[in-house]
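Structure, as structure tokens:
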Amino acid sequence: MQTNNHEIRDYDAVLDAKFGKSGSPEREEALDEARAFYTGQILHDARKEVKMTQSQLAEKVNVTKSYISRLENGGIIPSVSMFYRIIDALGMRVELVKTVATL
């Protein structure tokens, strides 16, 4: 078997092979799951940084500890309003930045 030392040169090709072309239901579902996991990790790290327990965060935003756990593990995606409540409770803010198109 020929390898490339684990260097991916065309990530879209890898995703195409595993989940189908961009825009396909399978690809979109995989991307949603990846985004949920990544968001959960960001919130988990932020919570740990401010030395807050899941129970304390849950109490601040009026949800259960189980909800925070599922969120941090990528099992659920919060509503936009819940996301803002959580980041506010963690002392964070959202910053939207317009990307510049490359030629």
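One decimal place: the segment E95-D10 gains 27.7 nm when fully extended, by the rule 0.36 nm per residue minus the C-alpha distance. Based on protein heavy atoms only, the chain ends up with 80 Å² per residue of surface accessible to a 1.4 Å probe.
Derived scalar couplings between HN and Hα for region 15-26 equal 5, 4, 5, 8, 10, x, 5, 4, x, 6, x, 5 Hz in order, rounded to whole Hz, by the Karplus curve 6.51 cos²θ - 1.76 cosθ + 1.60 (θ = phi - 60°), x for Gly and Pro.
Normalised by the number of residues in region 1-95, the mean separation of alpha-carbon contacts (under 8 Å, six or more apart) gives a relative contact order of 23 percent.
Counting every alpha-carbon pair across region 45-103, the share separated by more than 19 Å comes to 31%. For the pair T53 and L31, a Förster radius of 41 Å applied to the C-beta separation gives a FRET efficiency near 0.85, rounded to the nearest 0.05. Each pair of Cα atoms in the chain enters the Kirkwood radius, and Stokes-Einstein at 37 °C and 0.692 mPa s then converts it into a translational diffusion coefficient of 204 µm²/s.
For a straight C-alpha distance cut-off of 16 angstrom, the aspartates and glutamates reachable from K21 (same-chain residues fewer than eight places away being disregarded) are D10, D12, E29, D32. Enumerate the lysines that K65 could reach by cross-link, defined here as Cα to Cα under 26 Å, with residues fewer than 8 away along the same chain left out. Once the sequence-local lysines are set aside, what remains near K65 is K48, K51.
Charges were assigned to the Cβ only: +1 to each Lys and Arg, -1 to each Asp and Glu. The resulting dipole of the chain about its Cα centre is roughly 440 debye.
The residues neighbouring V50, those whose beta-carbon lies less than 13 Å from its own, together hold a net charge of +1 under the Lys/Arg +1, Asp/Glu -1 convention. Scanning the chain for GluC sites (Glu not before Pro) in DSSP loops with at most 15 neighbouring Cβ atoms within 10 Å leaves 8-94 as the longest stretch between them.
The values are calculated or read from the model by the stated rules, or taken from the named source; none is laboratory data. Given the structure is predicted, the values throughout are model-derived calculations rather than measurements. Positions of Cβ are generated from backbone atoms using ideal geometry, with glycine treated the same way; all protein chains shown enter the neighbour counts. Protein only, heavy atoms only, side chains kept; ligands, DNA and RNA dropped before computing areas. Shrake-Rupley method; radii C 1.70, N 1.55, O 1.52, S 1.80 Å.
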